[in-house]
Amino acid sequence: MSFKEFKDKAKRTLKKVWWFLWEDESIWSWIANIVLAFVLIKFIVFPGLGLLFGTSYPIVAVVSGSMEHDGNFDQWWTSSADCSMLGQQTCSQEDWYQTYGISKETFLEYKLHNGFNKGDIIFLKSAKDAKIGDILVFMTPYRPEPIIHRVIKIEEKDNKKIYQTKGDHNPYSGKYDMNITEQQVLGKSMFKVPWLGWIKIGFVNFLSLFGFQVS
């Protein structure tokens, strides 16, 4: 086969592929587009954003309701919490945060102080300068998926930071919120995009029906 014949054959093949992806309306074309979008995001867009923001997890989809607020801020701030460390079975979120020196005025200055919802997308950057009130994404030995909670306390041990966090919606800090090392932290939140995370959640749930596991 001459170079000209090879070139012409390549052109015809590319035209067929282009037509299949962008013109064909068959179910196979739709499946191919979904797979192509997934590959581009996972292996090109995702690593590129990670390099830009200084974290291996530049984007996460929120898959739980642990950071949701019930109603407006004031309704959430006065909702129930667990103050057993004060000898009280129940108290308000305000009471709970005040034990850590966090007032309502202070909390309102935090980024994403109104929390966020399951299905939101959170963009992350390096957490090297994380402080109280920031929202961290971190790994824990208690569950396979990353957790995204707010920092409520920072200590230093051997010149390294140790974090305590809490999900805004949760009544207290769970066992996975305690003694979080810098090595466990994947990044801290910058901003959210509402609802787009449902695309990933739906896609993962769809694949799980066929036995596939996607992280």
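Quick look at the numbers
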{"read-out": "Condition met for Gly202 (of a type in the set (Gly, Ala, Ser), surrounded by 19 or more Cβ atoms within 10 Å (Cβ to Cβ) and either modelled with pLDDT under 95 or closer than 18 Å to Leu112 by Cα (or both))", "value": "no"}
{"read-out": "Test: residue in the stretch 112-120 that is of a type in the set (A, V, I, L, M), surrounded by 14 or more Cβ atoms within 10 Å (Cβ to Cβ) and in a strand (DSSP E or B)", "value": "no"}
{"read-out": "Filter result (of a type in the set (A, V, I, L, M, F, W, C) and either surrounded by 13 or more Cβ atoms within 10 Å (Cβ to Cβ) or modelled with pLDDT of 95 or more (or both)) within the stretch 177-192", "value": "Met178, Ile180, Val185, Leu186, Met190"}
{"read-out": "From Phe116, Phe123, Phe138, residue being closer than 18 Å to Phe73 by Cβ, under 14 Å from the mean Cα position of the chain (by Cα) and assigned by TED's automatic domain parsing to the domain that holds Met178", "value": "Phe116"}
{"read-out": "Residues (in a helix (DSSP H, G or I) and within 13 Å of Asp168 (Cβ to Cβ)) located in the stretch 96-107", "value": "Trp96, Tyr97, Phe107"}
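The values are calculated or read from the model by the stated rules, or taken from the named source; none is laboratory data. Quantities reported herein were computed from a predicted structural model and do not represent experimental measurements. No Cβ is skipped: glycine too gets one built from the backbone with ideal geometry, and neighbour counts run over all protein chains shown.
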